[in-house]
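Notes for the one structure printed next.
The values are calculated or read from the model by the stated rules, or taken from the named source; none is laboratory data. Note that this is a predicted model, so its numbers are computed, not measured. Every residue, glycine among them, receives a Cβ derived from its backbone with ideal geometry; neighbour counts consider all protein chains shown.
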Amino acid sequence: MLESNIHLCFFSQDSALAEVIARALGDGFSTRGINELQLQRFNDLREWCDVVLLDLRAASTQGDFDAGLRLMDQISDVSLHPPIVVLCDEENRSLLLSAMEHGAYDSVTNPPNMIELRLILRRAYKFHAAETEVERLRSDSRTPGRLHELLGTSPAMQELFALAQKIAPCDVSVLITGETGTGKELLARAIHQMSPRSSRPLVAFSCANLPETLIDDELFGHEKGAFTGALAARRGRMEMADQGTLFLDEIGDISLGLQPKLLRVLQERNFERLGSNSTVNVNIRLICATNRNLAEMVQQGKFRDDLYYRLNVVQMHLPPLRERRDDISVLAQHFLQISAAQFNKKVRRFSQPALRALEEYAWPGNVRELENAVQRAVVLSEGQTIEVCQLPAGIRKNTDELGVVRSYEDEVRQFKRRLLLRTLEECGWRKAESARTLGVARGYLHRLINQLELRPADEANIAMNSPEKMPAPMKQVM
């Protein structure tokens, strides 16, 4: 439920229609009718306006179709402009296509179905709110919805951000847990940047699936001649992070043989390089991350309990993306803006079916998978809007099974198609008889057949795409 009214600017040269629409929308909407297609009228209400409804039907009737498109272009040039929903006749396909090319968020046919119009306006408002929130978060890294490079407005992320800000100034070890792709390294970098060590380096190293000897050499370094091929002395990550922060990712993969050496660094703040008897003193803050359950590993004897307690002074858990779905739209819009700038694309938004597809997907790869999916969609995009067909196949398949990506227009089109095919077949493709059966004009029937690209050869599709009986009319639910 919306906390306040949606502020709607309705541009229409039909003042009577504007009054009717304003009354019909009812509670939840505050509408201001504007009968001049002028940018200045929009600028006067820019701070107030959440969504623009533009009546291209009336404009084209009065010969001002170009003025309507010009107004759309001018509004689209405004930074963070509200989404534009256009009102036009269903039969004027070229008008609708032109409007979408000029940046319309969505369209409504005339006369508008008020249930449909309310839904579209609310979705447009949600999109604008998400876009505005992303820009606000990017401009201020200390806002509740952002912690440096981490984004999230869900309660779980808000609690995590608050905890990070509390522990960052305190020089204690931190253990970050969470599934792969949730952003554990980004959280570690945020803690480092808010700490007194921020002017010193943060050195990151992943222990995942590496042999013990390689991890030993990477962390502690070696002396010249320590082993075959050691032609010169080499500093390890511990020394490189001196006076700064060392981030060890996948700490659960470190071997039992190396764990005592790491424990000594935490206790004594010194170590020896491989092949050396000299002690190297270091002053580091250690932040570790893992997607494994270290407590269970301690019980199984796979991880030292004394090292676990040293690492687990403060534990922070990053929830998977499927548990904070409120963040998906904000993150997706953020990645869209970054990728569009990177690849010099004009894409600015997701279609509503595409956004619902993202929100319904389980995201086993979490934020990293979402970023890759959005980047792929931006690369494939050709206009200003990302559609479902540009998302990865796994996301499309999942949402198709759930039935959440079919728009209102898709449902109406499929219903018309099934009805016309059945009637035409029953009448032997005699169009005059089919028109009488349906109770429509013959010319209108011809237009529908052309729009839906119906042919007698579609007989095979009837058995595949339509049920034995026509579905009962759906009740409209307010």
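Any residue in the range 168-188 that is farther than 29 Å from residue 152 by Cα and not assigned by TED's automatic domain parsing to the domain that holds residue 365? Looking through the range 168-188, none of the residues is farther than 29 Å from residue 152 by Cα and not assigned by TED's automatic domain parsing to the domain that holds residue 365.
On the given criteria, is residue 393 of a type outside the set (S, T, N, Q) and under 15 Å from the mean Cα position of the chain (by Cα)?
On the way: of a type outside the set (S, T, N, Q): yes; under 15 Å from the mean Cα position of the chain (by Cα): no.
For residue 393, the condition - of a type outside the set (S, T, N, Q) and under 15 Å from the mean Cα position of the chain (by Cα) - is not met.
For the range 38-78, filtered to residues that are of a type in the set (A, V, I, L, M, F, W, C), over 22 Å from residue 132 (Cα atoms) and modelled with pLDDT of 80 or more, the residue that is surrounded by the most Cβ atoms within 10 Å (Cβ to Cβ) is 56. Within the set 212, 268, 250, 272, the sole residue that is under 23 Å from residue 318 (Cβ atoms), out of contact with any Lys or Arg (no Cβ under 7 Å at 6 or more places or on another chain) and not polar (S, T, N, Q) turns out to be 250. Within the range 241-257, being surrounded by 14 or more Cβ atoms within 10 Å (Cβ to Cβ) and under 17 Å from residue 188 (Cα atoms) holds for 241, 242, 244, 245, 246, 247, 248, 249, 250, 251, 252.
The residue list 239, 250, 268, 223 contains one member that is farther than 18 Å from residue 307 by Cβ and at pLDDT 90 or above, which is 239. Entry remark, the range 426-456: residues being in a loop (DSSP other than H, G, I, E, B) and in contact (Cβ under 8 Å) with a residue 24 or more places away in the chain number 3 in total.
Let's see how each residue does on (1) free of Cβ contacts under 8 Å to residues at least 60 places away in the same chain; (2) assigned to a loop (DSSP other than H, G, I, E, B):
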{"site": "9", "(1), (2)": "no, no"}
{"site": "20", "(1), (2)": "yes, no"}
{"site": "36", "(1), (2)": "yes, yes"}
{"site": "46", "(1), (2)": "yes, yes"}
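The residue that is farthest from residue 133 (Cα to Cα), counting only those in the range 79-115 that are in a strand (DSSP E or B) and among the polar types (S, T, N, Q), is 109. Among the residues making up the range 247-294, those that are outside any loop (DSSP other than H, G, I, E, B) and among the acidic types (Asp, Glu) are 249, 253, 268, 272. The set of residues in the range 306-336 being aliphatic (A, V, I, L, M), closer than 25 Å to residue 159 by Cα and assigned to a helix (DSSP H, G or I) consists of 311, 321, 328, 330, 331, 332. Among the residues of the range 219-238, the ones that are touching a strand residue (DSSP E or B) at 6+ places or on another chain (Cβ under 6 Å) and more than 26 Å from residue 292 (Cα to Cα) come to 5 in all. Taking the conditions (1) closer than 21 Å to residue 206 by Cβ; (2) assigned to a helix (DSSP H, G or I) in turn, residue 303 satisfies each one other than (2). For the condition out of contact with any strand residue (DSSP E or B) (no Cβ under 6 Å at 6 or more places or on another chain) and not assigned by TED's automatic domain parsing to the domain that holds residue 374, residue 248 does not qualify.
Residue 158 meets each of the listed conditions (1) modelled with pLDDT of 85 or more; (2) touching a helix residue (DSSP H, G or I) at 6+ places or on another chain (Cβ under 8 Å) apart from (2).
Taken as a whole, the condition of being within 30 Å of the chain's Cα centre (by Cα), farther than 21 Å from residue 264 by Cβ and crowded, with 17+ Cβ neighbours inside 10 Å does not apply to residue 200. Considering the conditions (1) closer than 22 Å to residue 124 by Cβ; (2) modelled with pLDDT of 90 or more, residue 263 is excluded by exactly one of them, (1).
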